[in-house]
Amino acid sequence: MQHQIHDLLAPVPGTARQIHSFHYGPQGTGRKVYIQSSLHADELPGMLVAFHLKQRLAELEAAGQLRSEVVLVPVANPVGLEQVLMDVPLGRYELESGQNFNRAFVDLSDQVGSEIEAHLSDAPQHNVALVRKALLRALNAQVPATQLQSQRLTLQRLACDADMVLDLHCDFEAVEHLYTTPEAWDKVEPLSRYIGSQASLLATDSGGQSFDECFTLVWWQLQQRFKHLFEIPMGSFSVTLELRGQGDVNHALATRDAQAILNYLTHFGAIDGPPQALPELLYPATELAAVEPVATPNGGLLVFCALPGEYLEAGQLIAEIIDPLTDQVTPVHNRQAGLMYARSLRRFATAGMVIAHVAGREAFRSGYLLSP
């Protein structure tokens with residue numbers, strides 16, 4: 001195992017932070033898996049999963065069972081991890097800029113496409129290697145102006161040449177679910193089975209240039225640009241794993257999730273050994289555009305009437321909003337049938353607040369599909 005330390009740009013003298021990456025298995029083989037946790041720094045189940053993965057990966061490396069390099073970043077957001085205001089962690093948005101830590105990763109598709117255009121050939125694997133080298137050069141040439149940009153670039157540089165990128169998150173109160181692209185679903189479906197995902201949400205471009213999509217979009221956009229001239233395979237696929245809710249930080253769940261990821265890496269061929277039998281798929285993959293963000297018409301005390309993981313019929317009662325002054329009770333219903341995979345931790349709603357997400361079957365949204 002190699003432990004690498006990556007210095008971030010300090011906003012003011014004496015406040016330098018670092019990203020730590022742990023590298024297991026053979027390097028330089030062209031096979032690489034990248035795993036990071038807690039990019040939203042108040043989402044900690046993945047950090048505990050990373051703790052267990054470190055122990056298991058060290059054992060597998062010592063036994064010579066790793067076929068691919070596996071890069072693990074347990075703390076992907078040291079900036080946000082330190083943002084605690086009056087005992088409340090604020091790890092989703094950078095306080096200086098107000099930006100979401102998991103948005104606005106740099107898009108280099110046009111630059112990479114222009115650089116490689118004259119060097120592409122009829123050999124698909126040559127083109128894959130060409131794209132990876134050009135992408136890393138382009139990222140290395142970027143000069144960050146802020147600490148946040150420095151952090152984003154460091155993470156992109158670590159993951160840009162990986163075959164697989166796993167980004168470990170969680171929701172507020174939720175069951176296991178994941179996000180990936182339609183193009184990658186055939187590869188990701190076994191992971192959905194192993195991890196016990198109760199919703200698998202697909203979108204090629206959900207908007208916002210999030211960490212997982214900043215890799216897949218490069219390859220997809222290059223494919224669109226050169227599709228009539230050269231074959232460019234998808235050289236990377238990414239998955240955002242949502243490991244239940246923010247309070248689900250315990251060893252029993254973390255060891256189970258770590259084992260599920262290792263089972264998937266074995267199935268993928270990154271770990272030597274016979275793959276475990278695939279469990280059933282708990283819920284079919286659905287379009288992210290079919291997700292209904294259920295919002296409140298007015299504010300008040302929030303009392304839920306449905307649980308994460310519950311399948312809801314159209315028009316089912318999800319919650320009640322109670323005005324403690326007038327005693328008015330306002331019911332909140334979902335519009336379409338689907339699985340409610342996440343709900344808010346808050347119990348006092350404001351008008352227009354999204355309190356739950358329901359994975360339906362019929363796409364009805366477009367444009368920006370992510371939460372703020």
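The values are calculated or read from the model by the stated rules, or taken from the named source; none is laboratory data. Values in this document were obtained by computation on a predicted structure and should not be read as measured data. Please note: Cβ atoms are built from the backbone with ideal geometry, for glycine as well, and neighbour counts cover all protein chains shown. Note: areas computed on protein heavy atoms with side chains; ligands, DNA, RNA excluded. Shrake-Rupley method; radii C 1.70, N 1.55, O 1.52, S 1.80 Å.
Per-structure values
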read-out	value
Complete set of residues in region 134-157 that are among the basic types (Lys, Arg) and open to solvent by 60 Å² or more (accessible area, probe 1.4 Å)	Arg137, Arg157
Scan of region 316-327 for residues that are in a loop (DSSP other than H, G, I, E, B) and surrounded by 12 or more Cβ atoms within 10 Å (Cβ to Cβ), ordered by number	Gln316, Asp323
Out of Glu43, Glu96, Glu61, sole residue that is in contact (Cβ under 8 Å) with a residue 12 or more places away in the chain and within 20 Å of Thr240 (Cα to Cα)	Glu43
Those residues of region 221-233 which are assigned to a loop (DSSP other than H, G, I, E, B), open to solvent by 50 Å² or more (accessible area, probe 1.4 Å) and of a type outside the set (Phe, Trp, Tyr), in sequence order	Lys227, His228, Leu229, Glu231
Test: residue in region 290-298 that is among the small types (Gly, Ala, Ser), under 27 Å from Leu345 (Cβ atoms) and open to solvent by 40 Å² or more (accessible area, probe 1.4 Å)	yes
Qualifying residue in region 92-107 (condition: over 18 Å from Pro45 (Cα atoms), touching a strand residue (DSSP E or B) at 6+ places or on another chain (Cβ under 9 Å), modelled with pLDDT of 95 or more and open to solvent by 80 Å² or more (accessible area, probe 1.4 Å))	yes
Among the residues listed as Thr180, Thr255, the single one being farther than 25 Å from Leu148 by Cβ, in contact with a His (Cβ under 7 Å, 6 or more places away or on another chain) and in contact (Cβ under 8 Å) with a residue 60 or more places away in the chain	Thr255
Among residues of region 202-218, those that are outside any helix (DSSP H, G or I) and of a type in the set (Asp, Glu), counted	1
Inter-residue pairs, beta-carbon under 8 Å, first on the phi > 0 side of the Ramachandran plot and in region 236-249, second open to solvent by 10 Å² or more (accessible area, probe 1.4 Å), 6+ apart	Arg244/Asp171; Arg244/Ala174; Arg244/Val175; Arg244/Glu176; Arg244/Leu253
Matching entry among His119, His169 (being buried (at least 16 other Cβ atoms within 10 Å of the Cβ) and in contact with a helix residue (DSSP H, G or I) (Cβ under 7 Å, 6 or more places away or on another chain))	His169
Considering residues of region 104-156 that are of a type in the set (Gly, Ala, Ser), assigned to a helix (DSSP H, G or I) and in contact (Cβ under 8 Å) with a residue 24 or more places away in the chain only, the residue nearest to Val75 (Cα to Cα)	Ser150
Qualifying residues in region 299-315 (those that are part of a strand (DSSP E or B) and either over 30 Å from the mean Cα position of the chain (by Cα) or among the hydroxyl-bearing types (Ser, Thr, Tyr) (or both)) - the one surrounded by the most Cβ atoms within 10 Å (Cβ to Cβ)	Gly300
Index of the failed condition, His267 passing every other in (1) in a helix (DSSP H, G or I); (2) out of contact with any helix residue (DSSP H, G or I) (no Cβ under 6 Å at 6 or more places or on another chain); (3) open to solvent by 10 Å² or more (accessible area, probe 1.4 Å)	(2)
Hits in region 271-289 - residues which are open to solvent by less than 60 Å² (accessible area, probe 1.4 Å) and either among the charged types (D, E, K, R) or assigned to a loop (DSSP other than H, G, I, E, B) (or both)	Gly273, Pro279, Leu281, Tyr283, Pro284, Ala285
Test set (1) open to solvent by 10 Å² or more (accessible area, probe 1.4 Å); (2) more than 20 Å from the chain's Cα centre (by Cα) - Asn334 fails condition number	(1)
Criterion violated by Val75 - all others in (1) of a type outside the set (Asp, Glu); (2) over 30 Å from Val128 (Cα atoms); (3) within 17 Å of the chain's Cα centre (by Cα); (4) in a loop (DSSP other than H, G, I, E, B) satisfied	(2)
Answer residue from region 1-38, given it is β-branched (Val, Ile, Thr) and part of a strand (DSSP E or B) and is surrounded by the fewest Cβ atoms within 10 Å (Cβ to Cβ) among those	Ile5
Matching residues, region 234-253, being touching a strand residue (DSSP E or B) at 6+ places or on another chain (Cβ under 8 Å) and either open to solvent by 30 Å² or more (accessible area, probe 1.4 Å) or of a type in the set (Lys, Arg) (or both)	Arg244, Gln246, Gly247, Asp248, Leu253
Criterion: among the polar types (S, T, N, Q), closer than 22 Å to Asp163 by Cα and in contact with a Leu (Cβ under 7 Å, 6 or more places away or on another chain) - qualifying residue of Ser37, Ser68	Ser37
